[in-house]
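A.B. asks: First the structure, then my questions, so here it is.
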């Protein structure tokens, strides 16, 4: 007969797998539409700026979700937030199916996907950490691994279906809806980790402890910017700019680029485990900067195969910075505000997803090559900042 401790450990282990499936389902759906943007572009005659805006509208939906979902889950519990998020994830795909010839519906569907991500990723990350309380680094790695496998498989499968099967703007979303249904079925296996306090009110807050504010601003926030600041160009801008050079395989190549970028998380996480989050964060920024420079060279020369190399580097950067950031916020978090602080971290990460829109806007005025060159220089500056800021990291895990 199992002891209470063994029973709890077994229940938590099952909960981790159930939560991982639900988290994967939502993560899978976030990038399904990315390679399909080239089909929308082709069939609807969209401009580069409109395509970049469709990519960038995703994080706009995050703002209210990030502000409220973390604090709400700290009060109401994790499950009451994650389950509606799963439902809305499927709804977003349904909207995108019906939006194949409507730009407003495409924008709304992408916006809703952002809001869903804010709900689920923030709360599920805090939930995962609580289910693996005795292994905090593994919790961060597990969360990142599940997220990035979903981020990577979504565009790969959608790119293949969009390139070579019938109903290319329907089937990719149907696959996502099926995964969400599976996630909704198993999520009941994850035990609730928050004891609801009837007298505690839901108030939006950043969850940053007073004594750790300087650390958050100087180290954690710049690390968070690197999570999607570099990969967003590989996913949302470079394939659009290089589409004429890629020819008939552009949609599939875009899916492969997305897959490579996201799957680079696996070796990147191993580096964080070996070097520690404080050392890995500036190395992640370095990798992202080099990847951005290679992507810029690919655009300037038309040598689109360079995108494969660039995607691996920016994906590795994202993986190192995501895992490092989650580990650092776990170290400074007050357990009662873990969801709120996780939301603050994700809020900064998703600012990076707006970069393709701003680069496309500036590129229309002065040309893409100089704008991308400036972006690469900004990456160098951010890398140097992180290298200097992490020299004084009292209170953070080495």
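A.B. asks: If you take the Cα atoms of segment 321-398, find Rg, then find the Kirkwood Rh from the mean of 1/r over all pairs, what is Rg/Rh? Write down the numbers at each step before the final one.
C.D. replies: Details: Rg = 16.4 Å, Rh = 14.9 Å.
When Rh is taken as the Kirkwood radius, the ratio is 1.10.
A.B. asks: Could you tell me whether the chain comes out rounded, prolate or oblate from its Cα gyration tensor? Rule is a ≥ b ≥ c as square roots of the eigenvalues, rounded for a/c under 1.5, then prolate if a/b exceeds b/c, otherwise oblate.
C.D. replies: Working: a/c = 1.81, a/b = 1.28, b/c = 1.41.
Note, shape of the chain comes out oblate.
A.B. asks: Classify segment 64-215 from the C-alpha gyration tensor, please: rounded if a/c falls under 1.5, else prolate or oblate depending on whether a/b exceeds b/c.
C.D. replies: prolate
A.B. asks: Using a basic spin-label model with each label point 7 Å from the Cα along Cα→Cβ, how many nm lie between residue 388 and residue 248?
C.D. replies: 5.3 nm
A.B. asks: Something else now. For segment 241-324, max minus min Cα coordinate along each principal axis, in Å, sorted largest first?
C.D. replies: Sorted largest first, the three principal extents are 42, 22, 13 Å.
A.B. asks: Go ahead and collect, in residue order, the members of segment 218-254 whose backbone nitrogen is under 20 Å from a label point 7 Å along the Cα-Cβ direction of residue 300.
C.D. replies: Hits in segment 218-254 for residue 300 at 20 Å: 230-231, 233-235, 237-246.
A.B. asks: Given a cut-off of under 8 Å on Cα pairs at least six residues apart, what relative contact order in percent is computed for segment 210-316? It would help to have the intermediate numbers written out before the result.
C.D. replies: Details: 104 pairs, mean separation 40.8, N = 107.
Dividing the mean separation by the residue count of segment 210-316 yields 38 percent.
A.B. asks: Right, something else. Identify which of 312, 195, 21 has the largest mean-square fluctuation in a Gaussian network model of the chain, with springs joining Cα atoms closer than 10 Å.
C.D. replies: The residue that fluctuates most here is 195.
A.B. asks: Right, something else. Rounded if a/c is under 1.5, else prolate if a/b is larger than b/c, else oblate: which is segment 60-100, with a ≥ b ≥ c the root eigenvalues of its Cα gyration tensor? Provide the component values of the computation, followed by the final result.
C.D. replies: Working: a/c = 6.33, a/b = 1.91, b/c = 3.31.
Because a/c hits 1.5 or more and a/b fails to exceed b/c, segment 60-100 counts as oblate.
A.B. asks: Between segment 272-321 and segment 102-119, what's the alpha-carbon centroid distance in Å?
C.D. replies: When both Cα centres are located, 27 Å separates them.
A.B. asks: Counting alpha carbon pairs within less than 8 Å and at least 6 residues apart, what relative contact order, in whole percent, applies to the chain? Numbers along the way, then the final one.
C.D. replies: Numbers: 743 pairs, mean separation 102.9, N = 398.
The normalised contact order for the chain reaches 26 percent.
A.B. asks: Moving on to the next point. Assuming R0 = 25 Å, can you tell me the calculated FRET efficiency for the pair residue 49 and residue 369, based on Cβ-Cβ distance, to the nearest 0.05?
C.D. replies: Values: r = 17 Å, r/R0 = 0.67.
Rounded to the nearest 0.05, the efficiency is 0.90.
A.B. asks: Still on this structure, I have one more. Taking the chain as the reference, fit the longest principal axis to its C-alpha atoms, fit the long axis of helix 338-351 to the helix C-alpha atoms, and give the angle between the two in degrees, 0 to 90, nearest 10.
C.D. replies: 10 degrees
A.B. asks: Then there is this: Restricting to Cα pairs below 8 Å that are 6+ residues apart, what does the relative contact order work out to for segment 260-398? Please round to a whole percent.
C.D. replies: Values: 164 pairs, mean separation 49.6, N = 139.
Relative contact order comes out at 36 percent.
We did not get these values from a lab; they are worked out from the coordinates using the rules stated. Bear in mind the structure is a predicted one, so any value in this text is a computation, not a measurement. We place every Cβ from the backbone using ideal geometry, glycine too, and count neighbours over all the protein chains shown.
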